[in-house]
Amino acid sequence: MNSVRVGCLLGTLLLSACLATYYSALADLLILDRSAVFEGQLWRIVSGHLVHLSDAHLLWDCSVFSVLTFLLHCLDRRLVAGVLTSSALVIGLAVVLFIPQVSHYGGLSGICCALFMAIVTVLRLQVQGPMKWVVNIATLAFVAKIIAELFSQTTLFVDPDPTWISLPQVHIAGGLAGTAWAYLFLTKDRLRSKLSLNFGRRGQFN
């Protein structure tokens, strides 16, 4: 995706998140509602990420989402659409299938975790020397954050809000989805380049 398309996508998603948060009828239509999903309203698996349950929830998620999307685009713009789509699906399905105690879900925090880990994965495959330590520290920090949230059952960077609760399981699902997509995409790209190079060399000898 080029810069214009990414900008349009980001702007559309942020506007949609605001509308889905402040218009209750739209929020009711889009939020991930477990019972509605099992009744066939499958779009909620993805659309639920746009709905936020408080001003602070919306502001924090959208700010982090914007920065991380921009950074991933700068590193490898080919990954942006795939990371967003795959993580939205994986997280929504994880909530429905593996967190039965949650009847409703909304927010971009899981996708933010996917973007963060996709960035870390790109850097891990590209950088050398001391920068490798920075990548390792970032990975450990992410893991430590998840562990802390699992034990405390609250978010580390946002004040507790009675209107919503933190779901570290969602952040784990997002982080795994972002890591897997970036790793598979880039390693496939490297393999294709090596095969092309090998075939080119054989052609020269033939």
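Would you work out which of L89, P130, Y23 lies farthest towards the positive end of the dipole of the chain, given +1 charges on the beta-carbon of Lys and Arg and -1 on that of Asp and Glu, about the Cα centre? Farthest towards the positive pole: P130.
Residues in the stretch 143-150 carry Karplus couplings, in order, of 4, 4, 4, 4, 4, 4, 5, 5 Hz; the curve used is 6.51 cos²θ - 1.76 cosθ + 1.60 with θ = phi - 60°, and Gly or Pro positions show x.
Which net charge results for the neighbourhood of G92, defined as the other residues with beta-carbon distances under 11 angstrom from its beta-carbon, given Lys and Arg at +1 and Asp and Glu at -1? Can you show the working numbers first?
Details: positive: R34, R44; negative: none.
Within the 11 Å Cβ shell, the charges total +2.
Counted residue by residue at 0.36 nm each, then reduced by the alpha carbon distance between them, the extension gain from F70 to L9 reaches 20.8 nm. Using Cβ point charges alone (K and R +1, D and E -1), the dipole size of the chain about the Cα centre works out to roughly 1440 debye. Our coupling estimate for the stretch 124-136, obtained by passing each phi through the Karplus curve with A = 6.51, B = -1.76, C = 1.60 and θ = phi - 60°, is 4, 7, 10, 8, 9, x, x, 5, 4, 5, 4, 5, 5 Hz, Gly and Pro reported as x.
Computed from the C-beta positions of K132 and L89 and an R0 of 22 Å, the FRET efficiency is 0.10 to the nearest 0.05.
Scanning residues 5 or more positions from V51 or on other chains, those with amide H under 5 Å from its amide H are G107, with H placed 1.01 Å from N in the peptide plane. With respect to the chain, whose longest principal axis is taken over its alpha-carbon atoms, helix 168-205 is tilted by about 20°. If R0 equals 30 Å, the separation of the Cβ atoms of I165 and R77 corresponds to a calculated FRET efficiency of about 0.30.
Amide H contacts under 5 Å for L32: G48, Y105, restricted to partners 5 or more places along the chain or on a different chain, H placed in the peptide plane at 1.01 Å from N. For the chain, adding -39500 (n - 2.57) for each run of n ≥ 4 DSSP H residues and dividing by the number of residues yields -25500 deg cm²/dmol at 222 nm.
With a cut-off of 10 Å between beta carbons, the residues surrounding D33 carry a summed charge of 0, where Lys and Arg count +1 and Asp and Glu -1.
Bear in mind these aren't lab numbers, they're just calculated from the coordinates by the rules spelled out. From a predicted model like this one, the values you see are computed outputs, not experimental measurements. Don't worry about glycine lacking a Cβ; one is built from the backbone with ideal geometry, like all the others, and counts go over all protein chains shown.
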